[in-house]
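The values are calculated or read from the model by the stated rules, or taken from the named source; none is laboratory data. Predicted, not measured: the structure shown is a model, and the values here were computed from it. When we count neighbours, we look across all protein chains shown, and the Cβ atoms used for this are built from the backbone with ideal geometry, even at glycine. The area values use the complete protein model at the heavy-atom level, side chains included, leaving out ligands, DNA and RNA. Shrake-Rupley method; radii C 1.70, N 1.55, O 1.52, S 1.80 Å.
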Amino acid sequence: MKVTLSGCIKYGFLLIVSFFSIFPFYWMMVGSTNTANQVAEGKLTFGNQLASNFQVLFSNYDIPLIMWNSIKISLITVLVSLLVTSLAAFGFEKFRTRASEGIYAVFLLCMMVPLATLVIPLFKMMAGMQLVNQHVAVILPLVNNLFLIFFFRQNFKSFPDGILDASRIEGATEYTIFFRIVFPMMRSTYAAAAIYAFMNAWNSYLLPLVFLQTESRQTMTLLISNLSSASYVPNYGVQMLAIVIATIPTLVLFLFMQKGFVKGMTGSLKL
């Protein structure tokens, strides 16, 4: 096998990038098995404090309930946002008018508006509907994901109009066409969008911080934030363990849907 200089440089670069990508996760796993002092000292080997950290974390916080809160918010957000954003994107792409193009342009401009600038209007709106300290107050803003509308529309551009026209000739309604023809053929796109929507909801911090005011409603992101400010000297081992637990659902979802994610990001269409 012939080894070239360019090949060595390429694989050397990939090894360096892989190291910097994997090392934080490794350090997080190691930290969950060590004490706070050992983590602060930068210990990079596994310790024997995992059981102790588990006991401290689960005795002081209702982890199953908090995990359920995060999972419930994330799953509902994924299901509703995929339905709403894909229908909107399909309409924008396949039923173009001058007005719809103008509205779509406004949507794209709104993507540049930071979420922090919308917190006060959103809080007043949710307070007016008596939804403060309810999970639906977090779900509703996350459902309106403008990036997913853009993402779905870009993928719908490759969907053949001939299939839609033939279905209409056969008497199929627009909703039948969408749910029985478009959706099955765009599964990879939906898989990629589902992973993005889940991560966006799972990692959301600002909205739960503003709207969820009791411990029984908090999510994993709020718990991790609270662990860092629970005392003058944070228990880094317990905090690392909480981060590991919070990482598991996203990791499992990606492992099960990684093929669809890769195909969806490349605009794969199953014909």
Practice problem: Please list, ordered by first then second residue, the pairs with beta carbon atoms under 8 Å, 6 or more apart or interchain, first in region 74-86 and among the aliphatic types (A, V, I, L, M), second open to solvent by 60 Å² or more (accessible area, probe 1.4 Å). | Solution: V84/N144
Quiz item: Is it fair to say A172 is open to solvent by less than 70 Å² (accessible area, probe 1.4 Å) and either in a helix (DSSP H, G or I) or among the aromatic types (F, W, Y) (or both)?
Solution: no
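Does F150 fit the bill of being touching a Phe, Trp or Tyr at 6+ places or on another chain (Cβ under 9 Å), more than 23 Å from N69 (Cα to Cα) and either open to solvent by 60 Å² or more (accessible area, probe 1.4 Å) or in a helix (DSSP H, G or I) (or both)?
Criteria met by F150.
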Practice problem: Please specify each residue of region 19-55 satisfying the condition of being surrounded by fewer than 11 Cβ atoms within 10 Å (Cβ to Cβ), outside any loop (DSSP other than H, G, I, E, B) and of a type in the set (S, T, N, Q). | Solution: S21
Self-check item: Single residue of L82, L131 found to be under 24 Å from W202 (Cα atoms), aliphatic (A, V, I, L, M) and in a helix (DSSP H, G or I)
Solution: L82
Exercise. Could you check how many residues of region 89-114 are touching a Leu at 6+ places or on another chain (Cβ under 6 Å) and either in contact (Cβ under 8 Å) with a residue 40 or more places away in the chain or β-branched (V, I, T) (or both)?
Key: 1
Quiz item: Can you tell me which residues in region 153-169 are open to solvent by less than 30 Å² (accessible area, probe 1.4 Å), touching a residue at least 60 places away in the same chain (Cβ under 8 Å) and of a type outside the set (F, W, Y)?
Solution: R153, N155, L164
Quiz item: If G91 satisfies every condition in (1) in a helix (DSSP H, G or I); (2) in contact with a helix residue (DSSP H, G or I) (Cβ under 6 Å, 6 or more places away or on another chain) but one, which is the exception?
Solution: (2)
